[in-house]
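For reference, the structure is listed below as structure tokens.
Values in this text are rule-based calculations from the coordinates and carry no lab data. Everything numeric here is computed off the predicted structure, so don't read it as measured data. Heads up, the Cβs are rebuilt from the backbone with ideal geometry, glycines too, and the neighbour counts pull from every protein chain shown.
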Number of protein chains: 4
Amino acid sequence: MTTINVGIIGAGRIGQLHASNILNSNLLNLNAIADIHTDHLKGTIYEREVPMITNEPERVLEDPEIDAVFICSSTDSHIRFIKAAAKAGKHILCEKPISFNLEETKEVLQVINEAGVKFQVGFNRRFDKHFRKVAETVQEGKIGNPHIIKVSSRDPEPPPEEYIAGSGGMFMDMTIHDFDMMRYLSGSEVTEVSVKAANLVDPMFARKGDVDTAIITLTFENGAMGVIDNSRQAVYGYDQRIEVFGDQGAVAADNEAQTNVQISTQNAITIDQPKYFFLDRYKDAYEDEINEFATAILEDKPLLCTADDGYKAELMANAAKLSWEEQRSVSLAEFHLVHKI
Amino acid sequence: MTTINVGIIGAGRIGQLHASNILNSNLLNLNAIADIHTDHLKGTIYEREVPMITNEPERVLEDPEIDAVFICSSTDSHIRFIKAAAKAGKHILCEKPISFNLEETKEVLQVINEAGVKFQVGFNRRFDKHFRKVAETVQEGKIGNPHIIKVSSRDPEPPPEEYIAGSGGMFMDMTIHDFDMMRYLSGSEVTEVSVKAANLVDPMFARKGDVDTAIITLTFENGAMGVIDNSRQAVYGYDQRIEVFGDQGAVAADNEAQTNVQISTQNAITIDQPKYFFLDRYKDAYEDEINEFATAILEDKPLLCTADDGYKAELMANAAKLSWEEQRSVSLAEFHLVHKI
Amino acid sequence: MTTINVGIIGAGRIGQLHASNILNSNLLNLNAIADIHTDHLKGTIYEREVPMITNEPERVLEDPEIDAVFICSSTDSHIRFIKAAAKAGKHILCEKPISFNLEETKEVLQVINEAGVKFQVGFNRRFDKHFRKVAETVQEGKIGNPHIIKVSSRDPEPPPEEYIAGSGGMFMDMTIHDFDMMRYLSGSEVTEVSVKAANLVDPMFARKGDVDTAIITLTFENGAMGVIDNSRQAVYGYDQRIEVFGDQGAVAADNEAQTNVQISTQNAITIDQPKYFFLDRYKDAYEDEINEFATAILEDKPLLCTADDGYKAELMANAAKLSWEEQRSVSLAEFHLVHKI
Amino acid sequence: MTTINVGIIGAGRIGQLHASNILNSNLLNLNAIADIHTDHLKGTIYEREVPMITNEPERVLEDPEIDAVFICSSTDSHIRFIKAAAKAGKHILCEKPISFNLEETKEVLQVINEAGVKFQVGFNRRFDKHFRKVAETVQEGKIGNPHIIKVSSRDPEPPPEEYIAGSGGMFMDMTIHDFDMMRYLSGSEVTEVSVKAANLVDPMFARKGDVDTAIITLTFENGAMGVIDNSRQAVYGYDQRIEVFGDQGAVAADNEAQTNVQISTQNAITIDQPKYFFLDRYKDAYEDEINEFATAILEDKPLLCTADDGYKAELMANAAKLSWEEQRSVSLAEFHLVHKI
């Protein structure tokens, strides 16, 4: 086997992104796309290039030619498709979060394990070359033991109001990437989450019981402390910066600017803004994400982000929500008990 | 009156810094230095240039030629000298913190007020050109309403162990500058302080009941949130960065490097580290601090940092200590009640 | 017509690069590859994906399905293939330089013109997003009238010795890109070229009658002056920077670093080197280059770099060689006379 | 002797700058200021602090208390004062250029030598911490053998028209600093100068037979090549950058910005402009320049820039003028012959 045959379930924005990247990859073939709605694919390159476009995901799961499925459907359908795919012996790349329900997520960990299929959760940022270099620098011990880990993560603009209700809330929808990044960067598990949050950007968030701005403090098993700052609206562009500070130094990744051009006039010196759209910012990361998934299957190697990573980030998102609701620090240990997990 | 005659009380490191800057200033004259110990001034420029060097601070306070005193002695003597100076009608520049005791600090606010003298607390960073431009950018509304305010403040190396016991603890000794910076940058009052802290740098801090690493979250009256990260040891130099993020943009000040030189070789590209020593980093700020104090007296203008600013930063330092001790968020309102202030 | 069918003549490094980019493009199809040697394509994606792989370029030119040819063969064969392709009514993308002989290059300008086919010369750097923004900033008048234009262009390492003899010399092989960039940035024609050059990097260049280091001064019709500095070896990576300085300001593009990561330790602060390999540095530019070629054909629009641009850059390369040989400034007008062009 | 007693001859802008810096220095005392005009010093700090203010420079030279004179008068008076000062056994700090006449400059080299006094020429930029670090990096061999040396040197705005006539022309007035910097950075002597220059900024320069924009190429004895670009008007501020590129790497110094503040909004990211005024940009360099002069006298150490350095920069300025006038490269060897020096 030199390439992986893929079926995509869910042809929304992220499903189409993966579809396009698969078409451009030498390691993956796109054999099928399944979605409840497929009209929007008419006349596109997918109609020309993809052998099967169907409204029945079962057809994808039953196709013996297909090695792996990408689950890009709405979050509430993930568990069902993961179980079916695992049962069918397909490797799985599933978008984040695995589910909104920690117990269900925990359950699929076992299902996947028993099925012996590869499972990668869609934490695309782990594949970003800048962040990966930061993580590797930490792992190589170049900055010693981490003491303070910082993530600034701010979207360029809020999602539409109709998106918010089904998003699982900011912590589950947006901060979950930062929770994962914290574990990735620290090489340690989080023991406590403490949230200060507010509705400062747009009242629609409060209407949906959600927040749009937060500062989240984390405590790690290895003694390090972390802080995430989030906003749903950075008017100057998608702001994605990280820093790890340790007893031997610090390592940081700055934003990727649109260009390296600097314009100097009598009034000002201007430089370019960060890339605005997450698909621009993480373009290469999305490509690497699926190619490394393919390579892990082809060479039977471990994955960079597993179902367990997906579970732990969800655990932190749940703890964050509780911390915000009860205005107190939440120990993950305590949280386990409360939720009987 | 075109210049201010100054007497300095306390000829330690910071007292001598001010002495040197006064000698180089066109607005201030150095008429006297008083300290318990004055042997270390023998043979220095101060012996040649300063008319009175004495072990009796009273002589400074009684000298009718002297317009203002700089109180640079140990913190536990501040209150006594402030009261005496105010009584003598001298303007006062007092190093931070005003005292370790909030009630005493509060008391001198009234003393100063009644005496009608100018009082400036030594928050030198307000005079730093970088930070001042950030504050002005916020005040001019260029980034809209502040949502998130961040201060990274890390010393290059820990103080000697014997210093720690008398320092008032990290929050009162070091973070107090950051607490003041937060009020300066936000243009708003803090309502709540929440601390995560640890002893990660050197066990001597724990031996003295102190911490060396902290992440401190603040809530402001105007809805903004703030976060300070502190370390007693940044091996790459004195790390002093700030950022204010608002609904119309963001403004940030980066470190001042030792030089702007970049060296590119086959192995690496290296740039210079931040200035290592606080006297280098804030050299210009210390000069501007005393010149603006002089100007405020000469032109009877308001001061950039007042006794009230000193008091409020101490209040936050006390709240931070309580937050750390009791591992909970501390509301400043609650704190007022507890301490009957 | 919604896509362009392409045949590639010449399957060396640059031919394969275009082949790979065509496979990933939605605007171009790869119908054929022709080369004297095709063994190296066995077992590659090209064998699987490209309908015709042949040792006879004529088959490509005769194929009525093919709309455009990419001429990526050795420079001495360009003229022959351009003439044949134009005669066959194929649009042409030709690698630089068009030829080593100015009169022959001039001749093909007319051939192309008469055939009415589109012709794009492979000045990939015009499609680089950074350089393009600089050019656009100049065109929009944001920096006023250009006075000084600077190009730093340094290869990471010398080519193999066997490459040098057939390269046409550094000015024709390497500086030709910078000559074109100068015309692109200035929006003006060059009137004079003055070269200081030397053999400092490797004696093999002198053995082949070539140089490896140069400073080249240009005078423009509009009064501006330009300077190019070249080296065949920048040990820290591929160094590609430009700057345009005018009476209302300046605009500059810096290198693209491998990552935005900064590592701070007790010894140094290190940042990442520029991308090392030209295929990395200009990856996106090579993709845009062929897609814009396709769009220009599909929408019958003008091209960003034409045969005339190719000719003028060659003229400058010839003038540069003469300037170096005779150690004097060479007027392009004089050059025209000398060479009867 | 622990301090140097100084008399200043010439109380214009640069004379007053040195006067102010001497007052703030612990190594130098300001004993006298002499100028034809001294009315402008009335009521200033100089009147209060300087024992002798006189219209007769002879009184300064005759004063046995005075160890050193700073010659800050108009260039045409330099030779006369240097000779008198040397005869009087005073050490000399002389502003650049030493004279407009190479033979006279050469003559004073001998006078100084015979008198055995220290002589420093006012190339303040050698004392700039950024440029000095570049020079030291080169000297330490960190970038190997220099191949290409670049200096960008652009004034923020043109001088008044009345200044131009007496300035000696742009090469002698402004580029002379860059000529010296080239020798300082390269550690090698220049053998050839080649100039392209124009009048692009303001027609007043042409009216005075001068230019305002130039690109100057240099050849060094050690094989390296250099290029200077000059403009009399960079509307965004005083632009002063250098770069040395060698076979083992490169080292560069960028401008000093007014602050390190970055403002990000929906429209743009702006950073601060370079310091605008040369007295701001080189504030520390001017201070270090006189303190190192004092130290060299007090400790009998060699100077960082000598009369010979002054002479050689003037030689290059003369060669540049000739190159521009005759539109050809000028060998300094040839120049020696022509001018019988």
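The ratio of the alpha-carbon radius of gyration of the protein assembly as shown to the globular-protein estimate 2.2 N^0.38 Å is 1.04. Mean partner shielding of peptide A:226-238, defined as the number of other chain Cβ atoms within 10 Å of each residue Cβ, is 5. Taking label positions 7 Å along the Cα-Cβ direction at both A:E189 and D:E161, the computed distance is 8.2 nm, reported to one decimal. Here A:M52 and A:D76 are evaluated by their C-beta separation; at R0 = 35 Å the FRET efficiency comes out at 0.90.
The order of B:H130, D:H37, going from fewest to most other C-beta atoms within 10 Å of their C-beta, is D:H37, B:H130. Can you say what percent of the DSSP beta bridges in the protein assembly as shown, counting only those with both residues inside, are antiparallel? Round to 5. Looking only at bridges with both residues in the protein assembly as shown, the antiparallel portion is about 60 percent. Net charge dipole, segment D:4-117: roughly 200 debye, given to the nearest 20, about the Cα centre with Cβ charges of +1 for Lys and Arg and -1 for Asp and Glu. What shape does segment B:28-139 take by its C-alpha gyration tensor, where a ≥ b ≥ c are the square roots of the eigenvalues and a/c under 1.5 counts as rounded, a/b above b/c as prolate, and the rest as oblate? Oblate, since a/c reaches 1.5 and b/c is not below a/b. Within segment D:24-108, the GluC sites (Glu not before Pro) that combine a DSSP coil assignment with at most 13 other C-beta atoms in a 10 angstrom radius are D:E65. Placing +1 on each Lys and Arg Cβ and -1 on each Asp and Glu Cβ, with no other charges, gives the protein assembly as shown a dipole about its Cα centre of roughly 0 debye. The Cα center of segment A:211-262 and the Cα center of segment B:53-127 differ in position by 41 Å. Once both labels are positioned 7 Å from their Cα atoms along Cα-to-Cβ, the gap between A:R59 and B:I36 label points is 9.0 nm. In order along segment D:294-308, the phi-based Karplus estimate (6.51 cos²θ - 1.76 cosθ + 1.60, θ = phi - 60°) of 3J(HN,Hα) comes to 4, 4, 4, 6, 4, 9, 6, 10, x, 8, 6, 9, 9, 4, 5 Hz; Gly and Pro are listed as x. Only DSSP H runs of four or more residues enter the estimate; each adds -39500 (n - 2.57), and after division by the residues of the protein assembly as shown the mean residue ellipticity at 222 nm equals -10500 deg cm²/dmol. Panel order for C:M170, D:M52, C:M1, by other beta carbons found within 10 Å of each beta carbon, from fewest to most: C:M1, D:M52, C:M170. Tell me which of D:G116, D:T270, D:V151 sits at the most positive position along the dipole axis of chain D, charges placed on C-beta atoms (Lys, Arg +1; Asp, Glu -1). Projecting each Cα onto the dipole axis, the largest value belongs to D:T270. Note on segment A:258-341: lysine pairs with Cα distance below 27 Å, sequence gap of 8 or more or different chains, count 7. Dipole magnitude for segment D:215-270: computed about the Cα centre from +1 point charges on Lys and Arg Cβ and -1 point charges on Asp and Glu Cβ, it is near 220 debye.
Note on chain B: GNM, Cα springs under 10 Å; of B:P146, B:P158, B:P203, the largest mean-square fluctuation is that of B:P203.
In terms of other Cβ atoms within 10 Å, B:D35, C:D247 run from fewest to most in the order C:D247, B:D35. Against the main long axis of the alpha-carbon atoms of chain B, helix B:176-186 sits at an angle near 70°.
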